[in-house]
Amino acid sequence: MRMLHICQWLAAVLAMAGMGVACTPAPVSQESPQIPRKWTDVAYASLSPAQQLDIYLPASGIGPFPVIISIHGGAFKMGDKADRQVQPMLQGLTRGYAVVSLNYRLSGEALYPAQIHDVKAAIRFLKAHATTYSLDTGRVAVWGGSAGGHLSALAATSGGVDTLEDFALGNSGVSSRVQAVVDWFGPIDFSTMDSHFRTSGKGKPDHDAPDSPESLLLGRPVQAAPDLVRAASPATYISADDPPFLIQHGTEDPLVPVQQSQEFADALTGVLGDKVTLMLLEGAGHGGPQFETPANLELVFNFLDLHLNR
């Protein structure tokens, strides 16, 4: 694992930045003249109205384009494919990437594993319809923050794990494997989040509560469902054929302990070696401007360029 403290790269920027906290999402304009080629509200399955995605193509070029799949966060119970969380990913359009932003069933509608079933169904749909949308099925990355980081990591480590696929959602003969993943401060092991906060003193240890986002996702309190917690953890499925990982996490995150990413990166590195990069954003919180500075996004896109052979 290459572990980098982001302050080494962004010292000047971080000196001016405070703790970041995720903002209330604002919608992305679907009529933006900067994105002339797009399809919105495309159904990738028919079980729920939530199973839709938006596809954006670069303004020029004929493709097929490498793909960034944006998976929104929101504690598994809120958020939308068109909120401001997709803005960093959309910058990939100017670098020749297609960007796909997807919705999935939230915990108020369906319990785990519906969410990862939807993510994988969306990936299969995109690959099955790659010619229609000028997509390169061999160069696909997933990228998300918080709950979206969790689902991105889970999609990446569970390639080929049939128990996390619902082939009834369509395109059963298509692989949902991806070639790279960017995990921004995703929770990994729900059962250790509170103990991490008790150790660090940097957040409120309330994830074991019956009404925590993780308990609501599982349909029962976290500590009462060890098998479900294990089944929901991206670390459970780590294998040697997993794609390269870039993991970024704020050291002062008050919602998802930084130890979640540190321990996950250690576990990944034990199998994948230097295909794993962990970057700690000194002083950053749960999202916020430090993740979206031009310098940090340049690092993220350089990682994608490297591993998607751009």
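The values are calculated or read from the model by the stated rules, or taken from the named source; none is laboratory data. Bear in mind the structure is a predicted one, so any value in this text is a computation, not a measurement. Cβ placement follows ideal geometry from the backbone for every residue including glycine, while neighbour counts extend to all protein chains displayed. Heavy atoms of the whole protein, side chains included, go into the accessibility calculation; ligands, DNA and RNA do not. Shrake-Rupley method; radii C 1.70, N 1.55, O 1.52, S 1.80 Å.
Quick check on my filter: what residues within region 84-98 are within 17 Å of LEU151 (Cα to Cα) and either in contact with a helix residue (DSSP H, G or I) (Cβ under 6 Å, 6 or more places away or on another chain) or open to solvent by 10 Å² or more (accessible area, probe 1.4 Å) (or both)?
First, pick out the residues of region 84-98 that are within 17 Å of LEU151 (Cα to Cα): 85-86, 89.
Selection gives GLN85 alone.
Out of ILE71, ILE55, one residue alone is of a type in the set (A, V, I, L, M, F, W, C) and crowded, with 24+ Cβ neighbours inside 10 Å. It is ILE71. SER215 meets all of the listed conditions (1) in a helix (DSSP H, G or I); (2) modelled with pLDDT under 95; (3) of a type outside the set (Lys, Arg) but one, namely (2).
Conditions tested, residue by residue: (1) surrounded by fewer than 18 Cβ atoms within 10 Å (Cβ to Cβ); (2) within 16 Å of the chain's Cα centre (by Cα); (3) not acidic (Asp, Glu).
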{"site": "GLU263", "(1), (2), (3)": "yes, no, no"}
{"site": "GLY270", "(1), (2), (3)": "yes, no, yes"}
{"site": "VAL276", "(1), (2), (3)": "no, yes, yes"}
{"site": "GLY287", "(1), (2), (3)": "no, yes, yes"}
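Every residue, every condition in (1) over 19 Å from SER146 (Cα atoms); (2) touching a residue at least 60 places away in the same chain (Cβ under 8 Å), yes or no:
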{"residue": "ARG220", "(1), (2)": "yes, no"}
{"residue": "PRO226", "(1), (2)": "yes, no"}
{"residue": "ALA232", "(1), (2)": "no, yes"}
{"residue": "ALA240", "(1), (2)": "yes, no"}
{"residue": "PRO243", "(1), (2)": "yes, yes"}
{"residue": "GLY250", "(1), (2)": "no, yes"}
{"residue": "PRO257", "(1), (2)": "no, yes"}
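Only one of the numbered conditions (1) part of a loop (DSSP other than H, G, I, E, B); (2) surrounded by fewer than 18 Cβ atoms within 10 Å (Cβ to Cβ); (3) small (Gly, Ala, Ser) is violated by GLY283, and that is (2).
The sole residue among ARG198, ARG139, ARG177 that is surrounded by fewer than 24 Cβ atoms within 10 Å (Cβ to Cβ), assigned to a helix (DSSP H, G or I) and either modelled with pLDDT under 95 or of a type in the set (Lys, Arg) (or both) is ARG198.
I'd like to know if region 27-45 contains one or more residues that are under 30 Å from GLY283 (Cβ atoms), out of contact with any His (no Cβ under 9 Å at 6 or more places or on another chain) and modelled with pLDDT of 95 or more. Show your work before the answer.
Step one: of region 27-45, the residues under 30 Å from GLY283 (Cβ atoms) are 27-28.
So of that shortlist, the ones also out of contact with any His (no Cβ under 9 Å at 6 or more places or on another chain) come out as 27-28.
The next check asks that each one be modelled with pLDDT of 95 or more; those that pass are none.
The answer is no, given that none of the residues of region 27-45 is under 30 Å from GLY283 (Cβ atoms), out of contact with any His (no Cβ under 9 Å at 6 or more places or on another chain) and modelled with pLDDT of 95 or more.
Within region 38-60, residues that are free of Cβ contacts under 8 Å to residues at least 40 places away in the same chain sit with their Cβ atoms under 8 Å from residues that are part of a loop (DSSP other than H, G, I, E, B) and open to solvent by 70 Å² or more (accessible area, probe 1.4 Å), at 6+ positions apart or across chains, in these pairs: ALA59/GLN34; ALA59/PRO36; ALA59/ARG37. Within the span defined as region 281-304, one or more residues are of a type in the set (S, T, N, Q), without any contact (Cβ under 8 Å) to a residue 40 or more places away in the chain and under 23 Å from VAL67 (Cα atoms).
Which of the following residues is under 20 Å from the mean Cα position of the chain (by Cα) and within 25 Å of ASP305 (Cα to Cα): PRO58, PRO66, PRO113? Working first, answer last.
Working: PRO58 fails: under 20 Å from the mean Cα position of the chain (by Cα); PRO113 fails: within 25 Å of ASP305 (Cα to Cα).
One residue alone meets the criteria, PRO66.
Against the conditions (1) more than 18 Å from VAL42 (Cα to Cα); (2) aliphatic (A, V, I, L, M); (3) not in a helix (DSSP H, G or I), ALA153 satisfies every one except (3). Only residues in region 108-119 that are over 13 Å from ALA155 (Cα atoms) count as the first member; pair them with residues that are buried (at least 18 other Cβ atoms within 10 Å of the Cβ), Cβ under 6 angstrom, at least 6 apart or cross-chain, and list the lot. Note: pairs meeting the criteria are TYR112/LEU217; TYR112/LEU218; TYR112/ALA232.
LEU154 satisfies every condition listed in (1) touching a His at 6+ places or on another chain (Cβ under 7 Å); (2) over 21 Å from GLN87 (Cα atoms); (3) buried (at least 24 other Cβ atoms within 10 Å of the Cβ) except (1). Every condition in (1) more than 14 Å from the chain's Cα centre (by Cα); (2) within 26 Å of GLN260 (Cβ to Cβ); (3) among the aliphatic types (A, V, I, L, M) is met by ALA82 except one, and the failing one is (2).
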